[in-house]
Structures are given as structure tokens and as C-alpha cells.
Amino acid sequence: MTDITTDRKLPAYLLPPYGGEDTTPENLDIVNPYLREINGFDPEAPAKLSILSVSVDKLLNEPGNGYFGYHSNSSRWGTAETIQAIKEVGNIWSKRGSRPRIGIGDISLNGGGPISGHASHQKGVDIDILPVRNDGTEGDVTWQSGAYSRSLTQELIDLFYANSTVAVNLIFFNDANTEGVQPWPNHDNHLHVRLFVPGDGPNTPILLIEGNKQPAVRELQRRLNFWIDKTPSSGLAKLVLDADFGTNTKNAVKAFQTAKGGLVVDGKVGENTWKALPIS
């Protein structure tokens, strides 16, 4: 690893007046409440981020499909799974009509290790991401700004929770009216997405069942609505995007599984159903 932590120029989003030193530590006692719904995973288990050996050797080349980088390539290295998850989200994002691309900031240095401006970002699983603007442009915005799109930013959060590569550990962002995030100082102008270290989190894609209430459910509802729009013969009304896996969502899942063929018609959304659902 080349140590550039003492002389690297900090990205603008980490500087005042809206940014500042990222004090998010490597290990936290905070538990993401959405992890409690995942069968076979103990969200109370001690974090292993500081002791697991990981390979931080994949560069996120930019611009890519649906995303761009808003700082130096030298700090956009991650695990293979982290990079794959970003590309998956970016690809889906790009297929959903005209909208600003996803802005990707710091991830980690090549090989990992300390990086100036951050207390974490050492294991290739922390990603800084711009909130989405509502004016069609790409660039800095805070959640308090009139140019901020809460709906598109929520969709971006949902997509990360629903990605098929590596599970989300936590997302820090200070807009209390978005779901799936937790507040942290100096996170008005960017989301801090922390993924699990490979081998230390739930299986992906997350299995969703009736009763679940989490951002991945809203992304499921969004994809079911794409199918309903294209399949008027289903006779189904579009679902409310409320992140609540209730009776209407279960019935839509079963209708989709029946119509698609080759899927178990059980109203549960596992890997095969996720793969079959339209993304746009």
C-alpha cells in the first residue's frame, strides 16, 4: 500500500462548511434494526471489521454505467464485492430513465489502511455517495437544500439494501425523513454506506417474507410495479411503496411467480425471484 494519508488533498465534501472530518469508527455498537429480520444472522454479534483479513485490490473505474467519481481514483479502491455492488446498483439506476448519475466519493486506498479525512474507510467496504439532486444536475447538495431529491435518494438507499452481492451493514445520513439510515455528524452532504466484510454478513440477496418492513421491501415493490405496468392482464393494482411486506405485496409476489413459471409459488422473495423480477 502506498501511504498518501499525510499529503493527499481532502475532497471538498469533507471540508467546511457542510463537511468535516469523518469520525465514523471502524467498529460500532450501533445495530441496524433491519438486520434483526434476517433469519440465521445475529446482528448483535461483535463486529469483526478490525480483525478480518480482506483484499482491498479492486479499483472502481469511472465514469461507469450509472455512476461517476467525484474525487481521486487513488481513494476509490474496494473489495471485489464492494465494487461489484456499486456497479450493480449503477447499472439498474441507469435503466430507470433520465436522472443524475450516482456520485461516488472515497472508498479506500489501494490495499486499505488509514486514509486522511476518515476514521474508517480502511477495509474497502465504506462508500461515500452524494445525495441525488432534483434539478437533473450532478454535484454537491445537502439534504436541507431545495435542490435535494428525497425520493431519488431513498430509491438509491433501497437499491443498496436490495443488491445481490454483499449486504448493507449501516448507512449514515442525516435526513431523518429517509428510511434505512442513521444520523452521524458531518453527514448532511453525503451518505456513508458501510457494507459487510465478505463472509461476515447475511447472505444476499436478502430473503424477504410477509411481515418484513425494510428498504429492500420498497425496492421489491418498485420492481413488482414495473411488472404490473407491463402486465395489465394480471389485474393487479400498483403497490404503494411503503416498505411493508403485507398481504397486497405477498399476493403480487405470488401472481408474479405464477405468471413467470419455473418459480416456487410461495410468496417469498429469494434469489430466484429476485433474479426474475424486472429492474425497470
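How much of the calculated P(r) for region 198-261 lies past 16 Å, in percent of all Cα pairs?
Details: 910 of 2016 pairs.
Percentage above 16 Å: 45.
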Want the number for Ala119 to Ala45: 0.36 nm per residue separation, take away the alpha-carbon distance, what's left? 24.5 nm
Along its principal axes, what span do the Cα atoms of region 154-203 show, with the longest given first and each in whole Å? 30, 20, 13
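Going from most exposed to least, what order do Ser94, Ser55 have by accessible area with a 1.4 Å probe?
Details: Ser94 50, Ser55 75 Å².
The ranking, largest first, comes out as Ser55, Ser94.
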If you count only protein heavy atoms and use a 1.4 Å probe, how large is the accessible surface of Tyr18, to the nearest 10 Å²? 140
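Provide the gained length on full extension for the span Asn61 to Asp229, in nm with one decimal, where the gain is 0.36 nm per separating residue minus the Cα-Cα distance. Intermediate results must be reported in sequence, preceding the final value.
On the way: separation 168, 0.36 × 168 = 60.48 nm, distance 3.47 nm.
Separation in residues times 0.36 nm, less the Cα-Cα distance, equals 57.0 nm.
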Label-point gap, in nm, between Phe68 and Leu10 - each point 7 angstrom along Cα→Cβ: 2.5
For Lys254, solvent-accessible area (1.4 Å; no DNA, RNA or ligand), Å²: 80
Region 114-239 - convex hull of alpha carbons, volume per residue in Å³: 140
Calculate, for Asp29 and Val265, the FRET efficiency according to 1/(1 + (r/R0)^6) with r their C-beta to C-beta distance and R0 35 Å; round to the nearest 0.05. 0.25
Accessible-area order (highest first, 1.4 angstrom probe) of the listed residues Trp77, Trp227: Trp77, Trp227
Gly267 neighbourhood, Cβ < 10 Å, K/R = +1, D/E = -1, net charge +1
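What's the Cα-based Rg to Rh of the chain, Rh via Kirkwood?
Working: Rg = 18.7 Å, Rh = 19.3 Å.
Result for the chain is an Rg/Rh of 0.97.
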Let me cross-check Glu37: its accessible surface, 1.4 Å probe, with only protein heavy atoms counted, in Å² to the nearest 10? 60
Using a 1.4 angstrom probe on the protein heavy atoms only, could you order Ser75, Ser116 from most to least accessible area? Ser116, Ser75
For region 1-150, what does the alpha-carbon gyration tensor say about shape, rounded, prolate or oblate, given a ≥ b ≥ c as the root eigenvalues, a/c under 1.5 as rounded, and a/b over b/c as prolate? rounded
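The values are calculated or read from the model by the stated rules, or taken from the named source; none is laboratory data. The structure displayed is predicted, hence computed values, not measured ones. Neighbour counts are summed over all protein chains in view; Cβ atoms, including those assigned to glycine, are modelled from backbone coordinates with ideal geometry. Note: accessible area is taken over every heavy atom of the protein model, side chains too, but ligands, DNA and RNA are not part of it. Shrake-Rupley method; radii C 1.70, N 1.55, O 1.52, S 1.80 Å.
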